[in-house]
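Colleague: Structure incoming, see below.
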Amino acid sequence: MMKNVIQEFTHINFLNNLKNLPLEELRLEGNPLCSKYNSNEEYVSEVRKIFPKLLKLDEKPLPAPILFDVDDQKLKYPTNQVFVVNDNEQAKEIAKQFLELYFKVFDSGNRSPLLDAYHENALYSMTSNISQGPNYKQYITESRSLNRVSDLTKRRKLLKTGKISVLSSICELPPTEHDLNSFTMDVSFVTEAMMIITVTGLYKELIGKISKDIIRFFNRTWIIVPQGTGFCIANEELHITYASAQQEKKFMSQPAAVQSPSLAGPSSTVSVENQVLLSEEAKQHMTVELSAQTNMNIEWSFQCLQEVNWSFPTAVAAFHEASRLGKIPQEAFNK
């Protein structure tokens, strides 16, 4: 398709019929559309909306794609707030893509697809000094601050191990709306085997109609590693604290366009199919894990997850409630 007169991707709509094919290489150079973008990153991003698994474009290798997918609603990260050790452009592109997609799913109202963002044996811990407000118990009871938690058994319990355990913990955090314009990203270590990414910024904690939303400050450190054709989180440390008066004022003055779109508030429901897609492998993994935790067979575990739009914590809670009410038939446990 190179050296044609293609002006826009809309001029080649037939490509949408091939969308999501595992195409790994494409050549479009010599077409007018190649020069319309302000940066190569924009160009690559536009092509990957059609071919997300693309590894080479116009004979140039691309950063490996991210492991989890979302819709193509634009979410731009401010490039002037990024530091990458040794000015590694490839690492910068990988980190930015990962960050943008992660927070888009995190704010979507259904965090279950983030299962694909974590390594099978991922480690996660959260610390917080939040001691008042509507949701403070959710923070303080899960905080693994070593200055506060001296009991070794409790320390081990608060260190979440395995992607299901990690997902359950982040799903328990209150609904959020992050402000990408407040973010800083520091990629402090890069090798072929791993990258260390530290992200700081502000988010709105969505309380609902009970009281006004609260602004929080967070610091998130990820160790991401290659997995398959993409990357995933092997280790995460999250710290959540109060936003200063100045930070809160700045957040509230930002136009809505720079905030990560919150696709579902605490009182609304949104179909998973309209927002994010969970891979079949992730669904299988969640089904097996739910079966192990509840002793239900695979068929009933799958049905339970399907009915709650693949929200693992909701499925576990639904099981315990139905079990308490005696509504689960014996056939659910026949294996």
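The numbers here are math on the coordinates, done by the rules we state, and not lab data. Predicted, not measured: the structure shown is a model, and the values here were computed from it. Heads up, the Cβs are rebuilt from the backbone with ideal geometry, glycines too, and the neighbour counts pull from every protein chain shown.
Colleague: Got a sec to turn the phi values of the stretch 118-130 into Karplus ³J(HN,Hα) couplings, 6.51 cos²θ - 1.76 cosθ + 1.60 with θ = phi - 60°, whole Hz, x for Gly and Pro?
Modeller: 10, 5, 3, 10, 4, 10, 8, 9, 10, 10, 7, 10, 5
Colleague: If we count other beta carbons within 10 Å of each Cβ, what is the order of Trp310, Trp222, fewest first?
Modeller: Trp310, Trp222
Colleague: Report the Cα-based extents of the stretch 280-333 along its three principal axes, largest first, to the nearest Å.
Modeller: Answer, in whole Å and largest first: 31, 19, 16 Å.
Colleague: Would you mind checking which residues have amide H under 5 Å from Asn235's amide H? H placed 1.01 Å from N; only 5 or more apart, or other chain.
Modeller: Long-range HN contacts for Asn235: Leu123, Ile223.
Colleague: If you take every residue apart from Met286 with its C-beta less than 15 Å away from the C-beta of Met286, what net charge results, scoring Lys and Arg +1 and Asp and Glu -1?
Modeller: Neighbourhood net charge equals -4.
Colleague: Something else now. Using Cα pairs under 8 angstrom and six or more residues apart, how large is the relative contact order of the stretch 280-333, in percent?
Modeller: 34
Colleague: So, one more: All other residues with a Cβ under 10 Å from the Cβ of Val199 taken together, and with Lys, Arg as +1 and Asp, Glu as -1, what is their net charge?
Modeller: 0
Colleague: In Å and on Cα atoms, what radius of gyration and Dmax does the stretch 83-243 show?
Modeller: In order Rg, Dmax, the Cα atoms of the stretch 83-243 give 15.8, 48 Å.
Colleague: Residues with beta-carbon under 12 Å from that of Leu159, excluding Leu159: net charge, scoring Lys, Arg +1 and Asp, Glu -1?
Modeller: +3
Colleague: For the stretch 81-223, what is the percent of antiparallel DSSP beta bridges, rounded to the nearest 5?
Modeller: Among the beta bridges of the stretch 81-223, antiparallel pairing accounts for roughly 85 percent.
Colleague: From the cross-link list Lys104/Lys204; Lys36/Lys96; Lys56/Lys283; Lys104/Lys250; Lys212/Lys249; Lys36/Lys92, which pairs have alpha carbons spaced over 19 Å apart?
Modeller: Lys36/Lys96; Lys56/Lys283; Lys104/Lys250; Lys36/Lys92
Colleague: Under the Karplus relation 6.51 cos²θ - 1.76 cosθ + 1.60, θ = phi - 60°, what is the ordered set of whole-Hz ³J(HN,Hα) values for the stretch 175-187, x standing for Gly and Pro?
Modeller: Per-residue couplings from phi come out as x, 9, 9, 7, 9, 4, 5, 8, 6, 10, 10, 10, 9 Hz.
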